[in-house]
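This report refers to the structure that appears directly beneath it.
The values are calculated or read from the model by the stated rules, or taken from the named source; none is laboratory data. Quick caveat: nothing in here was measured; it's all calculated off a predicted structure. Neighbour counts are summed over all protein chains in view; Cβ atoms, including those assigned to glycine, are modelled from backbone coordinates with ideal geometry.
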Amino acid sequence: MLGPLRERVQAGLAYLGSSAGTNLACPTIRTTNDMPILDPEGFDALGLVPFQINPHFLDPAPASTHQGETRTQRLTEFCEENDVPVLAMREGAWLQVDGEVAALHGVNGAMLFRQGRQPVEIAAGTDVSWLLATVPNFTIRA
């Protein structure tokens, strides 16, 4: 079902994804904020970019009394098991990819999560083209 859309985009059709549409641009939908309660018949996505994106990223609130996991904890755990960067974009941030050039735009920037590293801040206006050379590895380590 994703094949025809992927082919059209690879042939030059512009793709604009927002929220879940952003997740579909990734190799998988495994970094969506919505955990499916039913089998979605696979987690593969369009693979228009070789890294994962987490839209609607929220920084942990320092004064929060919430006892559950934060988005930061969830993405850190994802990266422990998967060797693929996750660009966690805050509201107001957007990614533009044109050929071999990728840049983060907007007002609120993003956090970049990578296996074995602390998350780092990515400011709006940053060239993130190097992420396009990612070779994702979703093999869960035992």
Residue check for residue 48: among the hydrophobic types (A, V, I, L, M, F, W, C) and touching a Lys or Arg at 6+ places or on another chain (Cβ under 6 Å): no
Count of the stretch 97-112 residues which are modelled with pLDDT of 95 or more and surrounded by 12 or more Cβ atoms within 10 Å (Cβ to Cβ): 10
Hey, residue 19 among the small types (Gly, Ala, Ser) and loosely packed, with under 10 Cβ neighbours inside 10 Å or not: no
Matching entry among 50, 85, 55 (being within 24 Å of residue 135 (Cα to Cα) and touching a Phe, Trp or Tyr at 6+ places or on another chain (Cβ under 7 Å)): 85
